[in-house]
Structures are given as C-alpha cells and as structure tokens.
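Step one of this worksheet: look at the structure below.
The values are calculated or read from the model by the stated rules, or taken from the named source; none is laboratory data. These figures come from a predicted structure and were not determined experimentally. Cβ placement follows ideal geometry from the backbone for every residue including glycine, while neighbour counts extend to all protein chains displayed.
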C-alpha cells in the first residue's frame with residue numbers, strides 16, 4: 001500500500017462522507033436524542049466540520065419533530081455536549097468546555113435563544129467512523145459483539161472479564177461469528193477483525209487463537225502486557241484485569257499477550273497507532289508488527305504522529321478510514337471490485 005493515499009478514490013470518498021455526515025442536522029447524532037415532555041421537540045449533539053485539521057467542534061441542535069425544522073443552538077469554540085430538557089421543557093442543561101478546553105461546566109439555557117443535547121447510548125454508525133459506512137456500502141456485514149465484560153447487561157456481566165482478560169470472552173466473539181456463518185450472514189473464508197483499545201487487543205489476540213481470519217486491523221492495541229504495565233499510564237488496569245503480576249513468568253501477563261502467540265497466525269495485519277498514545281503506547285503496535293514479520297506474516301504499521309488513543313483528528317481520521325477499507329478490499333473483497341482494487345495499486 002502506498003504511503004500517501006490522498007490522491008486515491010477511497011481517500012476522496014472518505015473525506016466526502018466525513019464532511020457530509022458531520023454537519024448538524026445532516027444525520028450525525030453523537031448520542032441519543034433527548035425528547036421534550038410533550039414530545040414536540042428533540043435536542044441532540046451534532047458534530048460540525050469547519051476545517052480538515054484538529055478536533056471537530058460539537059454543537060447543541062434542536063429539532064421540531066412536527067415540522068422537521070432543525071436549528072443549531074450553540075456556538076461554543078470547543079465542545080458542547082449532553083443536553084437535557086428540564087421537566088417543563090423550558091430550559092436545556094448541557095456541558096461545555098467553552099471557557100477552557102477539557103474543563104466542562106454545566107450550562108442552563110433557554111432553547112429559544114440558545115442550547116441543548118442528550119444522554120447515551122444508541123448512536124449512528126457514522127459516529128464510530130465513516131469506514132463502517134464505506135464497508136456497508138460495498139456489501140460487508142459488520143458485527144458488533146457484546147462479550148462478557150461489556151456494558152448493558154448489569155454489573156455481574158461486566159465483572160466476568162476481571163481476572164480473565166482474553167479468556168472466556170474469546171469464545172464470545174468466535175461463537176458470534178459461528179452463529180452468523182450458520183445463518184448465512186457471514187462467509188467463513190472472508191472474515192476480518194478490527195477494533196480500538198481493548199477491541200484492538202482482541203483484534204490482535206483472536207488471530208493468534210483462531211486461523212479463520214482473512215484480515216485484521218488492530219487499532220491502539222495492547223499486545224504485550226508486560227510493556228503495557230511498565231510504560232503506559234494505566235498499569236493498574238493490567239494488574240486488575242489479569243489478576244496477576246508481570247514477575248510471574250508463567251502467568252497471564254505472558255500467556256494472554258498476542259506477541260507470545262504471533263507464530264500461530266497467518267492473517268495479514270494492518271497495525272495502527274497514535275504516536276502520542278499514553279494508554280496503549282505505540283510500542284504495543286510496533287512489537288506485534290515486528291513479531292508478525294519475524295514469523296513471515298504480512299504486516300503493515302501505520303503510526304499517526306499527532307494522534308493519541310484512537311484516531312480522532314483530521315485529516316488523520318480520513319486517511320484512517322481509507323486505509324481500513326483498502327486493507328479489507330485487498331484481503332477479503334466483498335464482491336467484484338476490480339476497479340477499486342486497481343485504484344489501490
């Protein structure tokens with residue numbers, strides 16, 4: 001894959017989708033919409049693209065559910081989020097860091113003259129990245145598993161991963177794929193995996209535990225729990241969720257690290273990380289990349305110099321979307337995409 005892909009059709013498509021989908025009122029709702037008590041109005045947070053550099057700003061948006069009219073209510077310089085109607089619907093409370101970036105304060109405004117937004121959790125797919133929309137458009141099915149340890153099923157379910165990171169949750173992902181294959185919704189010869197943070201870890205871990213995957217894209221992953229413990233800013237997370245210590249040479253710090261099992265995979269892997277990431281430092285992606293190469297596995301490493309944990313800023317997020325789609329097209333195309341494949345060469 002070429003180094004600079006800004007001239008490719010996929011990059012231009014990702015940029016166009018990114019711009020179009022991130023204008024308040026165009027379809028992007030960052031979190032669930034808040035509906036007024038009488039059901040005639042809704043407020044939500046929309047993401048606004050003004051330039052293709054830096055972090056997008058967000059605005060509180062009001063929609064009249066009867067007429068369909070949509071109006072941007074706030075114009076803060078940073079992030080306005082989490083609006084909620086008062087019980088009588090006269091006021092909207094929301095959080096904003098307009099005074100100092102990252103320092104969120106509670107504001108209360110009249111929606112007729114000023115602000116609004118919502119509470120989690122349902123979200124539009126484009127919020128997770130335009131690469132998902134691009135993949136769906138090309139005929140890919142996208143599977144979002146909810147393995148043990150996830151939110152939404154109570155505290156007991158969330159605790160089931162504690163002390164067993166990379167353990168029983170592995171079968172949750174694989175059994176979900178088995179179900180999709182049995183239903184005819186997934187092709188067993190064209191399965192790919194990607195995820196960010198813990199999803200990045202699972203994307204790397206799964207391909208070392210099962211040979212079914214045709215392509216993988218771990219993003220901001222943990223691949224070596226010893227180095228994650230010693231150089232990241234969350235060492236307590238590792239010890240808590242592995243219930244072990246790195247001095248135990250036969251323990252989970254080693255047994256659950258993807259780099260230790262890199263010799264078991266043949267899956268072409270695109271490793272993506274941010275140079276400024278302190279949670280899962282870029283060395284994590286680099287180690288896995290080198291381990292794969294040492295074992296004769298096709299691997300590419302992409303490091304975004306101005307990104308931290310996850311790829312969030314522009315134009316990096318556009319480049320990221322184009323590269324993700326290109327990797328899956330190359331290694332597990334969804335159909336007759338000869339023209340697009342030629343465009344990647």
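Considering only segment 165-186, how many residues are touching a residue at least 60 places away in the same chain (Cβ under 8 Å) and either farther than 24 Å from residue 279 by Cβ or out of contact with any helix residue (DSSP H, G or I) (no Cβ under 7 Å at 6 or more places or on another chain) (or both)? Working first, answer last.
Keep residues of segment 165-186 that are touching a residue at least 60 places away in the same chain (Cβ under 8 Å), which gives 165-167.
Next, only the ones that are either farther than 24 Å from residue 279 by Cβ or out of contact with any helix residue (DSSP H, G or I) (no Cβ under 7 Å at 6 or more places or on another chain) (or both) stay: 167.
Residues in segment 165-186 being touching a residue at least 60 places away in the same chain (Cβ under 8 Å) and either farther than 24 Å from residue 279 by Cβ or out of contact with any helix residue (DSSP H, G or I) (no Cβ under 7 Å at 6 or more places or on another chain) (or both): 1 in total.
Using the structure shown, decide if residue 71 is at pLDDT 75 or above and surrounded by 18 or more Cβ atoms within 10 Å (Cβ to Cβ). Walk me through how you get there before you give the answer.
Values: at pLDDT 75 or above: yes; surrounded by 18 or more Cβ atoms within 10 Å (Cβ to Cβ): no.
Considered against the rule, which asks whether it is at pLDDT 75 or above and surrounded by 18 or more Cβ atoms within 10 Å (Cβ to Cβ), residue 71 comes out as no.
In segment 225-235, which residues are under 18 Å from residue 309 (Cβ atoms) and in contact with a helix residue (DSSP H, G or I) (Cβ under 9 Å, 6 or more places away or on another chain)? Explain how you work it out, then say what you get.
Filtering segment 225-235 for residues under 18 Å from residue 309 (Cβ atoms) gives 225, 227-235.
Hits for segment 225-235 are 225, 227, 228, 229, 231, 232, 234, 235.
Give the residues of segment 27-66 that are more than 28 Å from residue 308 (Cα to Cα) and either under 22 Å from the mean Cα position of the chain (by Cα) or at pLDDT 80 or above (or both), sorted by residue number.
The first filter runs over segment 27-66 and keeps only residues more than 28 Å from residue 308 (Cα to Cα), leaving 33-43, 61-66.
33, 40, 41, 42, 43, 61, 62, 63, 64, 65, 66, listed by residue number.
Anything in segment 66-84 that is over 14 Å from residue 99 (Cβ atoms) and touching a strand residue (DSSP E or B) at 6+ places or on another chain (Cβ under 6 Å)? List them, or say none.
70, 71, 72, 73, 81, 82, 83, 84
Just the residues that are touching a residue at least 60 places away in the same chain (Cβ under 8 Å), part of a strand (DSSP E or B) and within 19 Å of residue 276 (Cα to Cα), please, taken from segment 188-202.
Result: 196, single match.
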